[in-house]
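Below is one structure; the comments refer to it alone.
Values in this text are rule-based calculations from the coordinates and carry no lab data. Note that the structure is a prediction, hence the values are computed from the model and not measured. Here the Cβ is made from the backbone with ideal geometry for all residues, glycine too, and neighbour counts use every protein chain on show.
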Amino acid sequence: MAALGLNFNYLLSYIVNFFLLYFLLKKFVFPAISQMLDDRKKRIAEGLTAADAARREAEEERKKLMAQLEAERAEAQQRVAAASAQAEKVKEDILAQARREAEAIKTSAIEEAEAEKQRILAEAHKQIAELAMLATERVVREGLDEKTQHKIIEDFLSQVSLN
Amino acid sequence: MSKLLRPKPLAFTVGILAVIVISLVFFRVPLPTILLPGEAIPGLAIGKFKITNTFVATIIADIVVLVLSFLAVRQMQDVPESKLQNIFEWVYEIFEGMLTDIGGKEKARAWIGVFLTILLFLLAANWMELIPGIDSIGVIEPVEVAYAEKGVNVGYEIQHFWLFETLTNKQVKLTPADMEEIEKEKEEAESAGEVYHPHNPRGYVLTPYVRAATTDLNLTIGLALLVVIWSHVIGFRRLGGKYARRFAMPVITGMKLVDIFVGVLEFISEFAKIISLSFRLFGNIFAGQVLLFVMAFLVSFLLPLPFFGLELFAGFMQAFVFAILTFIYFEQATHSHAGDEHH
Amino acid sequence: MVEILSPGLAIGLGAIGPGIGIGLLVMGALQAMGRNPEVAGEIRTNMILGIVFAESIAIYALVVALLLLFVGAPGLK
């Protein structure tokens, strides 16, 4: 055994040496690393959960905002529709009014024209009658022969037509 | 062949050949004395305890591991800025995962300390053989003294180089007549109560200050013994009386021949564990070191380079295997037989 | 002569079996990894363990060789 270099003292010293090393590392190094890793794992997990929650919250917020926006948009649309309906109605009213007024103006114009016509006709009748009276008077005054009669009538008629 | 004749590859090949020829002609190195036991460094002892170069290497490996690991955990940061902390955390996580795959979370947590201590210590110890020049710095003593103490029979001539003495590659072999003479002189010196020292040394040998720790059988056998005994202690603690059953099957089941055989086999396998654990580590690293010696002896430049890579891998592999086998032995020791309880 | 030859034969012959064994083992492991790469890590760990066990046979040969080389066979000197 000595030729292989086996020596109990050395063997024991190596075992003690290893135990010392193991003790030191076990006491000071490995717990630190292990704890660090565990802590980090925990913190990462916490961070992820927090991020998840934040994301979910943001999503909810976004949905709420979207709903609100949608509602507002609908309302605005409604309002616009109402406004345009009203405007249509006003337009109709104005148009109807205008038509009515135009009709009235037209009617009154026709009536006026008719009245004028009647007035002129009446005037004409009156003048014709007066002329006829005048002519009659003259006939009666001059005595009437056939020729004169014709001449008078023709005069009168030419006068009338001239008038 | 035509590819080799292009200027670049040609210059490369010629350069390599030139380096090899130069190293063969001008830079021959002596083959170091290959000894199985750790060599006691002359003139270095604590009382009767002679300090060997493998022991020095063990202390250095301890210091390296301790300093690195303490530096790594000195200022732990949640977002690590130091690379060392990163590396240690990475190593810890990887191997914890691996152990969890083998033995479950609880056992992995319990024994990762042992696993990592063995791994780191053996890594430092194994890789120490790769430090260039580590085997060439040491104490030079006459080959006669080395023969009388360790049976070394090949020495080298010496030359002075500035302040230092170095070995040349001129071998001096002790003849049987020389050996007899040395033994006689040594006996005379001892009977006169003196320390044997030759008057006119024929040659010299070099004892390096540091030799890779795992090339000492004491370390590997000590570690293997420790690990196997530890596994029994753990098994006994966890399983109690049930644990003894696997070695004492006949006592419980009534002396059947098969059971006796199984019990004996279990017993032998425990010794096989110690032998294979310790000699695997020792054999690989020792052989690796001899391989590096021989390659440097054949051609001192370039040729050893690929073998350094090989040894880097082998050193890691052996450390890893030792550590993982330790864990597996622990795991097996606490693993009760399938019939005893359901998992 | 025997002193020189016997350690060489011990390790040389003892390395044949583990050599073939490790070759077969790695072949099987690599084929398995090629077939389902998703469990490559697990296979690799087991492969290394298998190699280690095959290698321990060579280690026994190495022990014998070292004993022969440095301690000497009983009766031979």
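Computed from backbone phi with θ = phi - 60° and the Karplus coefficients 6.51, -1.76 and 1.60, the 3J(HN,Hα) list for segment C:30-40 is 5, 4, 4, 5, x, 6, 9, x, 6, 10, 4 Hz; x is used for glycine and proline. For segment B:18-31, the Karplus equation 6.51 cos²θ - 1.76 cosθ + 1.60, evaluated at θ = phi - 60°, returns couplings of 4, 4, 5, 5, 4, 5, 5, 8, 9, 10, 7, 10, x, 6 Hz by residue, with Gly and Pro reported as x. Using only side-chain charges placed at the Cβ, +1 for Lys and Arg and -1 for Asp and Glu, the dipole size of segment A:30-110 relative to its Cα centre rounds to 120 debye. Ordering B:PHE327, B:PHE293, B:PHE282 from the fewest to the most neighbouring beta carbons within 10 Å gives B:PHE293, B:PHE327, B:PHE282. Helical runs assigned H by DSSP (4 residues or longer) give the protein assembly as shown a calculated mean residue ellipticity at 222 nm of -26000 deg cm²/dmol, each run adding -39500 (n - 2.57) before division by the residue total.
Working note: Karplus 6.51/-1.76/1.60 with θ = phi - 60° gives segment A:9-26 the couplings 4, 4, 4, 5, 5, 5, 5, 4, 4, 5, 4, 4, 4, 4, 4, 4, 5, 5 Hz, where Gly and Pro are set to x. In this rough spin-label picture, where each label sits 7 Å from Cα along the Cβ direction, the A:ALA74-B:HIS199 distance is 12.3 nm. The ratio of the alpha-carbon radius of gyration of segment A:38-118 to the globular-protein estimate 2.2 N^0.38 Å is 2.96. Quick one, what does Rg over Rh come out to for segment B:27-170 if you take C-alpha atoms and the Kirkwood Rh? Using only Cα positions, Rg/Rh for segment B:27-170 is 1.13.
Working from Cα pairs under 8 Å separated by at least six residues, relative contact order for chain B is 25 percent. Using R0 = 45 Å, the C-beta based FRET efficiency linking A:ALA67 and A:ASP39 works out to 0.60. Each principal axis of chain A carries a Cα extent, and these read 198, 29, 16 Å when sorted largest first.
Each of the trypsin sites (Lys or Arg not before Pro) that DSSP puts in a loop and that has at most 13 other Cβ atoms within 10 Å breaks chain B; the longest unbroken stretch is B:49-255.
Could you check how many percent of all C-alpha pairs in chain B are farther apart than 33 Å? Everything past 33 Å amounts to 48 percent.
Positive-end ranking of A:LEU121, A:ALA83, A:THR107 along the dipole of chain A, with charges on Cβ about the Cα centre, is headed by A:ALA83. Taking amide H as placed 1.01 Å from N in the peptide plane, B:GLY138 has its amide H under 5 Å from the amide H of B:TYR209, each at least 5 places away in sequence or on another chain. Here, segment B:173-315 has an Rg and a Dmax of 24.9, 72 Å when only alpha carbons are counted. Treating each Cα of segment B:138-208 as an identical point scatterer and ignoring solvent, apply the Debye formula and state log10 I(q)/I(0) at q = 0.14, 0.15, 0.27 Å⁻¹. The Debye formula, applied to the Cα set alone, gives -0.43, -0.49, -1.23. Note on the protein assembly as shown: Cα-only Rg and Dmax are 57.1, 218 Å. For the pair B:LEU163 and B:LEU17, label points projected 7 Å from Cα toward Cβ lie 4.3 nm apart. With 25 Å as the limit on Cα-Cα distance, the pairs of B:LYS150/B:LYS170; A:LYS27/B:LYS48; B:LYS150/B:LYS186; B:LYS107/B:LYS273 that go past it are A:LYS27/B:LYS48. Taken about its Cα centre, the protein assembly as shown carries a charge dipole of roughly 1500 debye when the Cβ of each Lys and Arg holds +1 and the Cβ of each Asp and Glu holds -1.
Going from the residue with the fewest nearby Cβ atoms within 10 Å to the one with the most, C:TYR60, A:TYR10 rank C:TYR60, A:TYR10.
When N counts the residues of chain C, how does its alpha-carbon radius of gyration compare numerically with 2.2 N^0.38 Å, as a ratio?
Numbers: Rg = 17.2 Å, N = 77, 2.2 N^0.38 = 11.5 Å.
Relative to the 2.2 N^0.38 Å estimate, chain C comes out at 1.50.
With a Förster radius of 51 Å applied to the beta-carbon distance between A:ASN9 and A:ALA50, the computed FRET efficiency rounds to 0.30.
In chain B the longest region clear of GluC sites (Glu not before Pro) that are loop-assigned by DSSP and have at most 11 other C-beta atoms within 10 Å covers B:195-340. When only the Cβ of Lys, Arg, Asp and Glu is charged (+1, +1, -1, -1), the dipole of segment B:138-208 relative to its Cα centre reaches about 400 debye.
Near B:LYS170, the amide H atoms lying under 5 Å from its own belong to B:GLU157; only residues 5 or more places off or on other chains count, and H is placed 1.01 Å from N.
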